[in-house]
Every structure is written in structure tokens, then in C-alpha cells.
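S.K.: Quick one: this structure, given as C-alpha cells, is what I'll be asking you about.
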Amino acid sequence: MEQTRTTHSRRSFLKSSLLAGGGLMISFSWLPKAGQANTPHHPVAPEAWNELTGYVRIYPDNSITILNPNPEFGQNVMTSLPMMVAEELEADWKKIVVEMGPHDSTKLGAQFTGGSNSVRMYWRPLREAGAAARQMLLQAAAESWSVPIEELTTRAAIIYHEKTGKSGTYGSFASKAATLPVPKGMKLKAPKDFKVVRNSQKNVEGIKIVSGQPLFGIDYKVDGMLIAMIQHPPAFGMKLKSFDATQTLKMPGIKDVFTLKLYEEGFEQGGFDTRSFNDLLVVVGNTTWEVMNARKKLIVDWVPAGDTKDTFGGRGTKREVTVPGALESTTAQLAKMEEYAQKPAQQLRKDGDPETAFKNAAQIIERTYNAPFLAHNCMEPMNFFAHVTAEKALLAGPLQAPGWSEPTLAKLLQLPAEKIEIQMTRMGGGFGRRAYGHYLYEVALIAKKVQAPVKLIYTREDDMTYGIYRPMYTATYRAALDANKKLIAFHVKGGGIPEHAIHANRFPAGAVDNYLAEGWQIPSNITIGAFRAPRSNFNAAAEQSFLDELAEAMGKDPIDFRLELLQKVKEKPVGRNNEYDVDRYTGILKLVKEKSGWGKPENNKYNRGVAAYFCHNSYAAHVVDIVMRNNRPYVERVYSAIDCGIVINPDAATNMVEGAVIDGIGNAFYGKLSHKDGAAEQSNFHNYRMIRHSEAPAKIEVHFVQNDIDPTGLGEPPFPPVFGAVANALYKLNKKRHYNQPYLNNPLQSGTVTNNKKPF
Amino acid sequence: MLKLTINKKVYNLDIDPETPLLWALRDVIGLVGTKYGCGMAQCGACVVHLNGEAVRSCVTRVSRAAGKEVVTIEGLSDNNDHPLQQAWLELDVSQCGYCQAGQIMSAAVLLRENKNPTDKDINSAMEGNICRCGTYLRIHKAIQLAADIQRKGSK
Ligand code: FES
Ligand code: FES
């Protein structure tokens, strides 16, 4: 195999090679910009892992295969990423075969789904790969036909030379093209010339989904595969003391019951190695049902674990963290949060002199917002397959970031990374949950122990009560108004278990002369993880509700009020590091105002709420229209305005926004995971309320801002502002502000907070 | 031995009769289109047809299916061209796709019984199927479209 390597820019290169049996393969490697620190909320893998590789294969019979490098969890990257290659290649989209890429942490790099990153991250390299392949095919044709390359045109994977009437397929030139050097500095198409991108293309796996073909991790099967389940403690803060498996072992199909330690003492965990329980009580058998059934016969003694220690490694530093052992309950957690809220906190940003401004205020509005833990509830519960031998390991299943799990897997199995193969299946949802690889590690250790291929399955109950939740949050917002009802100071103090959600540099930072943001946190043994738009999903509820109340107190229209603040940022921004782009923020507010017919009398019959938020590089605003139906609030219509730059696949993007809206309404109305003495109080869908079919809005109108900005991501941004818009619409319905989530289903009851009374 | 007819094929299973049909399908027969979501009749991911009725296979004993006709998503149509499958593709309903087999199987019984389902009819037929990705709106429209396709086809 011949290879040509061309450095394209400082950080990317393309390679071409001749396919066995003839044909051209273009593969690319690319290092995205190193970003912030690698934390669960700003996931950036170490640079060395961040080399991404993909390929385009053009076969002599003119069939074309494009590899999707990134894990698919419903965001439709299997379709949208290959579309970007096809655009520059000028291939016939309908004939392209898409394949899921393998994972290889040394050659192929960190393929990760999260942070609304997929499209943004691959936008340039995938188009460059397509453009380079096309250029080489043109070069090959020009040489064969002895015509100037400039006179050639391409359409649907065919090259034409008009003057001589010659034409030939890409496939017929592919082998020759493979011998040519990869061109440098490809000129990419201007947006006005897009033919594939910006045109709706159907999900390439749609047919497999509607016909029930095996696609998901839970569908993975090999001969002789065993099924494993883990009995985890009934509560956070508990651990295994002893067990009696006599009856379990007598049950049909049961192979073994044993315990394993996930991490040995002092094991250096990486940032996404969170696990809730370390002692695994494992039941292994032939079939899922046999194992489920036999588990019920276990007699187990659990004891309080007391305080434990976690060790975190990576980047040359080692950090020990004490995990408190208390068995926590939601009511006590709320009381503790109220207590912490009164204490001094870490200052995150300060502009001007907020203390004096508050002292001189004619009016102060102060409101506290609370939100519970949330379970991800991916419809496909956590599961993974492993087959581990002394020499190598094969793992397969649903996972958002194989590159983050592989180093830990290598340490746990004591195998070099190149001996570990991780296959990424389609995921039945992810929402952040599957960035945490504990279930891979668990199955790998189980497979090593049983010396057979094995699939670990979490039951719904295992999945829901395991942890890795959206954190429990609180925030107190204060605004100072002068005698003319002008906003002179703004203060937010946020906290949470075990982290706060405050983004100190986001709107309305920059719009208020005197501004203060503070944060505090309470450690806990209840584990947390990224959940669709981490932190933002709380902030957009609290802050956007507060701005609505503030606008009302100032006698202003809520959209105009936000626009005025943004105008101020545009003219004279306060402070530095304001994270958002004023024009794009303004743009979505104006668009949603226009499209929703804001203020038009024909909409008066609706209880309307608005919210707008910036996160993960994109902008989203919603107007939500609530009515009463069967004595319950019902979101009948939603108008959404989104600015995510260039939209790759408009219909699929619209689907994603519709989904975010419905998911947002469901979580805002009902989402809640509470605890009593360390035990989750919800364990399955009979007591964890999910939004149902009849509760979805009858209409969701999605409008994208039309611009030529490089794509900035879409999976997360539309989700957070749904909460705020829903809260503000509910207020219109019954003139009652909603400070505690979930808004309709047993909201968190704050015991002693007194400041949410109407002060005027 | 239990004798089951699944998607017109006969299977003789040596299996604990208490086993839920879901796990018989998935683990023993190898038809994995029917999904596990909750195991307690709450989510609809496991819906199959038993003598034409929509049942939740996670709480249906395999013994109850003995001697009856079982249809799973894999057997809903001969060429993946059931009006619902066509409509699902036309409106590109799926996101992650995990819930969709159950959604389609629930909708199929509705459409067979009711050629012109109203919004209310669709709501009540689909209330037992959860979709965390939030594709309900498209599912709703796809059922209406499938009803349309079905009416045109039968003319
Ligand atoms: S798995 Fe049967 S209803 Fe959920
Ligand atoms: S499409 Fe993902 S759960 Fe329905």
C-alpha cells in the first residue's frame, strides 16, 4: 500500500492509498484545537488522543463508502458527517454507503459524542477529505485524457470534459488517482454552492431502525455469550458486607456468583471514570431472564461504607478526594443547601461595585430557584459486551467517548491499548450518560474472570438507581433597581450537590454595571455526570425565570427587556470575557418575536412564556404557549429560533430541536430523582414520570437563523431555554411563579426559604 | 416444549414457560428488534402482536404465546413496506431509534382497527410508548400519514 502524506495546515493532514483490488482511499487526520481543561463539563481529551481519522473509499465500480468517525446516539451523525464529505466530493449522495468507524486510540483518536461537538469538530477536515479526493480524481482524468484540469466538471461521481464529450466515473480513475500526491490547501466550496449540505437527507440507518435489525449494544451477540448483572447496594453510602448465593446458584442457567473490586485502592481514575459503587456482586448465567430471576434469590448484607477516598490521576497530578459516607435524603439536602447559601462563597466574577449599588437600591428583587437530581433514562439501559483473553480484549456496545475509557481499561486489564478493541454500536440515547465508562470496566473485569464472552446488562432499576445524575442545583438571583426602576446591579449566587451551575461570564454579565457571580458546592456520595447541556439546563430555568420576573417588575416586555440589555452590551460592554455574541443573541430573540407573533392579539388566548439562552456555542430561543386541557397545563404550541450557524441537515436538525423541546417540557414538568436515606426514591417509569405522547405539543415551529457561520452545534443548545419558557408560561396561567422544579410533579419543597414572597 | 409461531415461522422451544416472551425472542430465538426498556409494562419498547393484539412482551409469559401467532417488528411486513414503516421513513421520525419498533407495533394495531384515527385515538393508543428523544410529534404525524397511505392503497 502506497501512502502519500501531506501536511495541510499546522494541525491536519490527509493520506491517500491504493485499495486492495484497486480504488482510492483518502484518510485524514486532524488535531482539533486544544481547549480548556478536561472536566466533565468541558470535555476535552488530552491532545495526543485528539487525532481524528476518517476515510472515503472509491471503488473501481464507482461505489463509494464514507466512514462515520463519531459515535451515533440519535444526533444523526451517521448521516450528517458523511454528508460533509459528499458535498466536496460531488458524489451522488443516494448511492453512498456509510460505515461506522472502528476505534483506535493511537491511530484513529478520540471519537467522542458530547458537548454538541461532532459537526463543529469535523466540519473542516471532512470537507477537506472530500475535496482532496475529488481533486485527485480530476487530476487522474486530466492526465489520462490529456486535457487541462480546469476544463473538467463533475456531477454525481462522474467526470465530464465538455469539449471532447468525454466522461468517466470516479471509480474508473480511482486507482490512478491513488498514485498521485494529495493536494495541498484545498479551496472549499462557498456556502452558496452547497448541494448536499443544507439539503435535508434521510437518516442512513432509518430502514434498519424501522425493520428491527440489530443495531444497538444490547442487541450484540456472539456464540457462547453469557449474561452478567451486578447487584449494587440499595443506597448511596452503602457497601457490600457479605452474601449468600446458595439459592441463586441452584437456579437454572446460572453459572457463577462472585464479587469483584472495580478499582483497587489508590487506583488513579481519569475524569470520566466516575463510579458509584466499587464492590461488584456479580451474577452470571446463560440468559437475561435467568440472571434477572436468580438475582432475586441473593441474600445480601449491606453496611454503611463510611467516608471513602477517590484518587484522581492524569496530567501528572494526583488528587485525593474524600467522599462523605452519610446516607443522604432530599429534604436534608435542601436544608443544607439553604444553610450553605447563607455562607460566603467563591467569587467568580465581579464588575463595578455591586455592594454599594445594592445598598443604594430603591428596590431589591431576590429569588431562589431549586432543581433536583435528574436521571438520564436513556431508553436503552447501560450495557456492554466484552471478551477478554490473556492477549487481547474485544468490547462492544453503546459509548460516547471510547478514547476516554480505553486508558483506564488498559490499566484495569493490564493490556496495552493496542490490544483492546472497542466497537461502537448505535446508542439508544446517551444525553451525556454514556461518557462515563464504568460499565465497560465492569464487564471487562467480569469477562476476564469468567473467561468467556459476556454481556453486562443493567435492568431499568439498576440504571435509574445507579447515579451519574444531573446534579441538584440551587441559585439565588438578586437585582437592584433605582428609583426610576432602572437595573443598577445584578447578583447571582449558585450552589449545588456536588457542584454549582454558574456560568459567570454569560448574559446578563456584560449588560449590568455592577455585577457579582458567586458559587459554592457541597460534596456528596451521590454521583453526577453531564446531562444534556450540563449546568445550562439549570441556569436557563432559573435565570430566564428571574429575567421574566424582573421585566415585569420594571414594567417592560420580557423580549424588549432582554433586547435592551443586549443593546447595552453592544454599545458599551461591561467587564471582559463576555462569552456570548451579542448579535447572534439578539438575532434569535428578534426571530422568535417575529415568528411567534409576539404581542399579536390573536395569540392572547395562550399563556405565553419566552426564554433565550446561549450555550455550547449556539443560541436558542423559545416561545411556549400553554393552555389548560383536562384540568392540566398543556404546551400546545412552541416557536423556536435557533442560531447554530450553517445547518447541515435541516430536517434532521428540526427533528433534534423538536426532541429537545419535548424532552425539556417533560423534564421541566416531571423530572425528579429524589433520595431517602441514600436510596433513590424512583426506580422505573412507574414512579419516574416521563413525558408521554399526548403531552407533546401539537405544533413546534422551528426557525433557523440563515447565516454562513461555520456550524456551532445543536444537540444541547435548544434544551435549556425550554425550562425557562415553560416556567414563564406557567406563570401567565395562574399568576404563580415557579421557583422549584419539577414544576408540576411534587416540586422540591424548600423548608425555610422566605425570600420568594412578592416583596411589592 | 412450547410451540410458537413467530413471524409465520414455527419454533419449538425448550424453555421455562414463565420466561417473558421478550427474553424468549431476544435471547433464545435471536430476534432482537423487540426492545427491553423497563420490564414492567411502562414504556412500550417491547410491544409485539399476539394473535393481532398489541401486548407488552416483557410481562407476557412465553407460555401464553404457545399455539398463538406472534408478530414482531421483523415480521410486520414482507419488504419493510408496511404503511407505518413507509411513513416513518418519509418523515424521518427516528432519533436514537431505540423506542421506534415498539412505537410502530403499537401504531400498527391502531391502524388495523381504525382506518381514520383522530388525534385523540392516536394519543390514547400511543400513551404507553415512551420516547426519551422526544419524537412524539413526528410519530403522531407519521401515523396520520400511514393512515393516508393505507387508505390510498386499499382503494
Ligand atoms: S420493556 Fe415492556 S413495557 Fe417496557
Ligand atoms: S428515538 Fe430515542 S427513545 Fe425514541
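No value in this document is a laboratory result; all are computed from the given coordinates. From a predicted model like this one, the values you see are computed outputs, not experimental measurements. Cβ coordinates were reconstructed from backbone atoms using ideal geometry, including for glycine residues, and neighbour counts include every protein chain displayed.
S.K.: Which fully enclosed helices (runs of 4 or more DSSP H) of the stretch B:70-142 have 2 or more residues being among the small types (Gly, Ala, Ser) and more than 7 Å from chain A (Cβ to nearest Cβ)?
M.R.: Values: elements: B:83-90, B:100-113, B:119-126.
Once the helices (runs of 4 or more DSSP H) in the stretch B:70-142 are filtered for at least 2 residues that are among the small types (Gly, Ala, Ser) and more than 7 Å from chain A (Cβ to nearest Cβ), what remains is B:100-113, B:119-126.
S.K.: Answer yes if at least one residue in the stretch A:402-415 is touching a residue at least 60 places away in the same chain (Cβ under 8 Å), crowded, with 22+ Cβ neighbours inside 10 Å, away from chain B (no Cβ under 14 Å) and within 29 Å of A:PHE723 (Cα to Cα), and no otherwise.
M.R.: The answer is no, given that none of the residues of the stretch A:402-415 is touching a residue at least 60 places away in the same chain (Cβ under 8 Å), crowded, with 22+ Cβ neighbours inside 10 Å, away from chain B (no Cβ under 14 Å) and within 29 Å of A:PHE723 (Cα to Cα).
S.K.: On to the next question. Here are the criteria: (1) part of a strand (DSSP E or B); (2) away from chain B (no Cβ under 13 Å); (3) surrounded by 21 or more Cβ atoms within 10 Å (Cβ to Cβ). Tell me which single one A:LYS455 does not satisfy.
M.R.: Checking A:LYS455 against (1) part of a strand (DSSP E or B); (2) away from chain B (no Cβ under 13 Å); (3) surrounded by 21 or more Cβ atoms within 10 Å (Cβ to Cβ), the one that fails is (2).
S.K.: Restricting the search to the stretch B:76-102, which residues are away from ligand 2 (no atom under 16 Å from the Cβ) and within 10 Å of the chain's Cα centre (by Cα)?
M.R.: Result: B:LEU76, single match.
S.K.: Scan the stretch A:649-687 for residues that are over 24 Å from A:MET379 (Cα atoms), buried (at least 20 other Cβ atoms within 10 Å of the Cβ) and more than 14 Å from chain B (Cβ to nearest Cβ) and jot them down.
M.R.: Matches in the stretch A:649-687: A:GLY678 only.
S.K.: If you take the residues in the stretch B:30-49 that are under 10 Å from the mean Cα position of the chain (by Cα) and more than 16 Å from ligand 2 (Cβ to nearest atom), which one is surrounded by the most Cβ atoms within 10 Å (Cβ to Cβ)?
M.R.: Checked the stretch B:30-49; the qualifying residue surrounded by the most Cβ atoms within 10 Å (Cβ to Cβ) is B:VAL48.
S.K.: Among (1) assigned to a helix (DSSP H, G or I); (2) within 30 Å of the chain's Cα centre (by Cα), which single condition is A:GLU339 missing?
M.R.: Failing condition for A:GLU339: (2).
S.K.: Go through the stretch A:196-221 and count every residue that is more than 14 Å from chain B (Cβ to nearest Cβ) and either farther than 21 Å from A:ARG57 by Cβ or among the polar types (S, T, N, Q) (or both).
M.R.: Matching residues across the stretch A:196-221 total 1.
S.K.: Which of (1) surrounded by fewer than 24 Cβ atoms within 10 Å (Cβ to Cβ); (2) within 16 Å of ligand 1 (Cβ to nearest atom) is the odd one out, the single condition A:ARG367 does not satisfy?
M.R.: (2)
S.K.: So, of the residues in the stretch A:60-102 that are in contact with a Ser or Thr (Cβ under 7 Å, 6 or more places away or on another chain) and among the acidic types (Asp, Glu), which turns out to be farthest from A:GLY168 (Cα to Cα)?
M.R.: Residue satisfying both the conditions and the ranking: A:GLU99.
S.K.: Could you please find all residues in the stretch A:477-515 being farther than 25 Å from A:LEU589 by Cα and in a strand (DSSP E or B)?
M.R.: Correct list: A:LYS493, A:GLY494, A:GLY495, A:GLY496, A:ILE497.
S.K.: Looking at the structure I just gave you, is B:GLY33 more than 9 Å from chain A (Cβ to nearest Cβ), small (Gly, Ala, Ser) and in a loop (DSSP other than H, G, I, E, B)?
M.R.: So B:GLY33 fails the test.
S.K.: Please find, within the stretch A:688-713, the residue that is nearest to A:CYS378 (Cα to Cα) out of those that are within 14 Å of chain B (Cβ to nearest Cβ) and outside any loop (DSSP other than H, G, I, E, B).
M.R.: Checked the stretch A:688-713; the qualifying residue nearest to A:CYS378 (Cα to Cα) is A:HIS693.
S.K.: Out of the residues in the stretch B:42-58 that are hydrophobic (A, V, I, L, M, F, W, C), free of Cβ contacts under 8 Å to residues at least 60 places away in the same chain and within 12 Å of chain A (Cβ to nearest Cβ), which is nearest to B:TRP23 (Cα to Cα)? Talk me through it step by step, then tell me what you get.
M.R.: Filtering the stretch B:42-58 for residues hydrophobic (A, V, I, L, M, F, W, C) gives B:43, B:45-48, B:50, B:54-55, B:58.
When the remaining residues are screened for being free of Cβ contacts under 8 Å to residues at least 60 places away in the same chain, the result is B:46, B:48, B:50, B:54-55, B:58.
Narrowing further to those that are within 12 Å of chain A (Cβ to nearest Cβ): B:46, B:48, B:58.
Working: B:CYS46: 10, B:VAL48: 12, B:CYS58: 7 Å.
It comes out as B:CYS58.
S.K.: Which condition does B:ARG64 not pass, out of (1) under 28 Å from A:ALA294 (Cα atoms); (2) part of a helix (DSSP H, G or I); (3) touching a residue at least 24 places away in the same chain (Cβ under 8 Å); (4) within 9 Å of chain A (Cβ to nearest Cβ), if it passes all the others?
M.R.: If we test B:ARG64 against (1) under 28 Å from A:ALA294 (Cα atoms); (2) part of a helix (DSSP H, G or I); (3) touching a residue at least 24 places away in the same chain (Cβ under 8 Å); (4) within 9 Å of chain A (Cβ to nearest Cβ), just (4) comes out false.
S.K.: Can you pull out every residue in the stretch A:516-555 that is part of a loop (DSSP other than H, G, I, E, B), out of contact with any Pro (no Cβ under 8 Å at 6 or more places or on another chain) and surrounded by fewer than 21 Cβ atoms within 10 Å (Cβ to Cβ)?
M.R.: Within the stretch A:516-555, A:THR527, A:MET554, A:GLY555 meet the criteria.
S.K.: Moving on to the next point. With the checklist (1) over 30 Å from A:ALA542 (Cβ atoms); (2) crowded, with 19+ Cβ neighbours inside 10 Å in hand, flag the one item A:ASP307 doesn't pass.
M.R.: Single failed check for A:ASP307: (2).
S.K.: Output the residue which, of all residues in the stretch A:430-445 that are among the hydrophobic types (A, V, I, L, M, F, W, C) and either closer than 12 Å to A:ALA393 by Cα or free of Cβ contacts under 8 Å to residues at least 40 places away in the same chain (or both), is nearest to ligand 1 (Cβ to nearest atom).
M.R.: A:VAL443
S.K.: I've got another one for you. Within the stretch B:109-127, how many residues turn out to be buried (at least 19 other Cβ atoms within 10 Å of the Cβ) and within 15 Å of ligand 1 (Cβ to nearest atom)?
M.R.: Filtering the stretch B:109-127 for residues buried (at least 19 other Cβ atoms within 10 Å of the Cβ) gives B:110-111, B:117, B:122, B:125-126.
Cutting the leftovers down to within 15 Å of ligand 1 (Cβ to nearest atom) gives us B:125-126.
Result for the stretch B:109-127: 2.
S.K.: Looking at the stretch A:652-685 only, could you name the residues that are outside any loop (DSSP other than H, G, I, E, B) and more than 20 Å from the chain's Cα centre (by Cα)?
M.R.: Answer for the stretch A:652-685, where residues must be outside any loop (DSSP other than H, G, I, E, B) and more than 20 Å from the chain's Cα centre (by Cα): A:PHE669, A:TYR670, A:HIS675, A:LYS676, A:ALA679, A:ALA680.
S.K.: Any residue that is more than 16 Å from ligand 1 (Cβ to nearest atom) and out of contact with any strand residue (DSSP E or B) (no Cβ under 6 Å at 6 or more places or on another chain) - is there at least one of those in the stretch B:38-56?
M.R.: Here is the first cut: in the stretch B:38-56, the residues more than 16 Å from ligand 1 (Cβ to nearest atom) are B:51-52.
Subsequent filtering for residues that are out of contact with any strand residue (DSSP E or B) (no Cβ under 6 Å at 6 or more places or on another chain) retains B:52.
There is at least one residue in the stretch B:38-56 that is more than 16 Å from ligand 1 (Cβ to nearest atom) and out of contact with any strand residue (DSSP E or B) (no Cβ under 6 Å at 6 or more places or on another chain).
S.K.: Further question on the same structure: State which residue is surrounded by the most Cβ atoms within 10 Å (Cβ to Cβ) when the search covers only the stretch B:4-25 and only residues that are within 7 Å of chain A (Cβ to nearest Cβ) and within 15 Å of ligand 1 (Cβ to nearest atom).
M.R.: Checking each candidate, the answer is B:TRP23.
S.K.: Go through A:THR465, A:THR474 for me and flag whichever is among the polar types (S, T, N, Q), away from every other protein chain (no Cβ under 14 Å) and surrounded by 24 or more Cβ atoms within 10 Å (Cβ to Cβ).
M.R.: None of the others qualify; the one that does is A:THR474.
S.K.: Residue check: is B:GLU74 among the charged types (D, E, K, R), on the phi < 0 side of the Ramachandran plot and within 16 Å of ligand 1 (Cβ to nearest atom)? Give the derivation first.
M.R.: Values: among the charged types (D, E, K, R): yes; on the phi < 0 side of the Ramachandran plot: yes; within 16 Å of ligand 1 (Cβ to nearest atom): no.
Considered against the rule, which asks whether it is among the charged types (D, E, K, R), on the phi < 0 side of the Ramachandran plot and within 16 Å of ligand 1 (Cβ to nearest atom), B:GLU74 comes out as no.
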